[in-house]
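Enquirer: Below is the structure I would like to discuss, written out as structure tokens.
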Amino acid sequence: MDCHIGSQLTETSPFIDAAGKVLALVDALAAEGIHLEHLDLGGGLGIRYNDETPPAIGDYIAAILAALRGRSEKLILEPGRVLVGNAGVLLTRVEYLKHGEEKNFAVVDAAMNDLMRPALYDAYHDILPVKREKHAMQRYEVVGPICETGDFIGHARDLQIAPQSLLAVLSAGAYGMSMSSNYNTRPRAAEVIVDGGVVHLVRERETLAQLYAGENLIS
């Protein structure tokens, strides 16, 4: 029996409520002679993007185990984002700064195809300079180079940056590459794992030639 009630949940009570409903169904099936061997209660435990306060993993597990006390089924969980979300960042470089009367724009080389969550969900990802630089603090719309209204990484961010500044978009480990695309013929970024002082290239940067490789000319 499997269930998944959503993601980015910041309380344990929805998980416990869902477990109760699943167990009631499991018991009803058992009464009909259908005995299930495993329970998959999904995932969905939230992480901190900005000011969220999700429960600790230990508290989440303790609540689940308490709800399943005395059960014989094998328990499966799919924690997903809580393991990898804040383990990854998207690195992007400032290409241009455009200052206006009402808003300032920082145009970066990452775009909505690289990190879809802000455009798709209006999701918040913290954005920080990789190095501290002595520039004036100003408020920016951090946007990509794709000509789309939704091509933004962050709204109204106070940053001390200049052209060529390197920025880290935080909490990109869960839904960065997995939701990325080649929209507007943009090759996807490289993926790198940093293990202490050792850097591993785990996915090479795509090339335009690779994007065209499956296409044929009409003769």
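Enquirer: Figure the gain on full extension for ASN216 and CYS147 (residue separation times 0.36 nm, minus the Cα-Cα span) and round it to one decimal in nm.
Expert: Details: separation 69, 0.36 × 69 = 24.84 nm, distance 2.73 nm.
Going from the current span to full extension adds 22.1 nm.
Enquirer: Here is a further query. Less than 12 Å Cβ to Cβ from LEU75, Lys/Arg counted +1 and Asp/Glu -1: what total charge do the surrounding residues give?
Expert: Every neighbour counted, the sum reads -2.
Enquirer: May I ask you to list the lysines whose Cα is less than 28 Å away from that of LYS21, ignoring any residue fewer than eight positions away on the same chain?
Expert: Of all the lysines, those that pass the test against LYS21 - Cα under 28 Å, at least 8 places apart if same chain - are LYS74.
Enquirer: Taking a virtual spin label 7 Å from the Cα of ARG139 along the C-beta vector, which residues in the range 63-107 bring their backbone nitrogen under 12 Å of it?
Expert: 102-104
Enquirer: Continuing with the same structure: Which of the lysines could a cross-linker span from LYS131 if the Cα-Cα distance has to be under 25 Å and same-chain partners fewer than 8 positions apart are dropped?
Expert: LYS98, LYS103
Enquirer: Can I ask one more? Take the range 13-84, compute every pairwise Cα distance, and split them into 5 Å bins from 0; I just need the percent in each bin.
Expert: 3, 14, 24, 23, 15, 10, 6, 3, 1, 0
Enquirer: Same structure again: For the chain, build the convex hull from the C-alpha positions and give me its volume per residue in Å³. Can you show the working numbers first?
Expert: Numbers: hull volume 44.9 nm³, N = 219.
Here the figure is 205 Å³ per residue.
Enquirer: Which net charge results for the neighbourhood of VAL89, defined as the other residues with beta-carbon distances under 13 angstrom from its beta-carbon, given Lys and Arg at +1 and Asp and Glu at -1? Intermediate results must be reported in sequence, preceding the final value.
Expert: Values: positive: none; negative: ASP114, ASP126, GLU191.
So the surrounding residues net to -3.
Enquirer: Between the range 27-72 and the range 195-217, how far is it from one alpha carbon centroid to the other, in angstrom?
Expert: 38
Enquirer: Moving to a separate point now. At 222 nm, what helix-only mean residue ellipticity would the chain give, in deg cm²/dmol to the nearest 500, using -39500 (n - 2.57) for each DSSP H run of four or more? It would help to have the intermediate numbers written out before the result.
Expert: Working: 5 runs with 44 residues, N = 219.
So the helix-based figure for the chain works out to -5500 deg cm²/dmol.
Enquirer: Let me ask you something else. Please list, in order along the range 81-91, the HN-Hα scalar couplings obtained from phi with the Karplus expression 6.51 cos²θ - 1.76 cosθ + 1.60 (θ = phi - 60°), rounded to whole Hz, x for Gly and Pro.
Expert: Working through the residues one at a time gives 3, 5, 7, 10, x, 8, 8, x, 10, 9, 8 Hz.
Enquirer: Quick one: net charge of ARG157's neighbours, Cβ under 9 Å, K/R +1, D/E -1? It would help to have the intermediate numbers written out before the result.
Expert: Numbers: positive: ARG139; negative: ASP126, GLU141, ASP158.
Here the count lands on -2.
Enquirer: Report the extension gain between LEU36 and ILE76 in nm, rounded to one decimal, defined as 0.36 nm multiplied by the number of residues separating them, less their alpha carbon distance.
Expert: Working: separation 40, 0.36 × 40 = 14.40 nm, distance 1.30 nm.
Computed gain between LEU36 and ILE76 is 13.1 nm.
Enquirer: In what sequence do THR10, THR149 fall when counting other Cβ within 10 Å, fewest first? The partial results should precede the final answer.
Expert: Details: THR10 14, THR149 9.
Lowest count first: THR149, THR10.
Enquirer: As a footprinting exposure proxy, order GLU73, GLU95, GLU32 by other Cβ within 10 Å, with the fewest listed first. Kindly include the intermediate steps, with their values, before the conclusion.
Expert: Details: GLU73 16, GLU95 13, GLU32 7.
If I rank by nearby Cβ atoms, fewest first, I get GLU32, GLU95, GLU73.
Enquirer: Then there's this: Tell me, what ³J(HN,Hα) does each residue in the range 46-62 have, in order and in whole Hz, if you take phi through Karplus 6.51 cos²θ - 1.76 cosθ + 1.60 with θ = phi - 60° and put x for Gly and Pro?
Expert: So the J values, rounded to whole Hz, are x, 10, 8, 9, 9, 10, 5, 10, x, x, 5, 4, x, 5, 4, 5, 4.
None of the figures in this text is laboratory data; all of them are computed from the coordinates on show. All values reported here derive from a predicted model rather than from experimental measurement. Cβ coordinates were reconstructed from backbone atoms using ideal geometry, including for glycine residues, and neighbour counts include every protein chain displayed.
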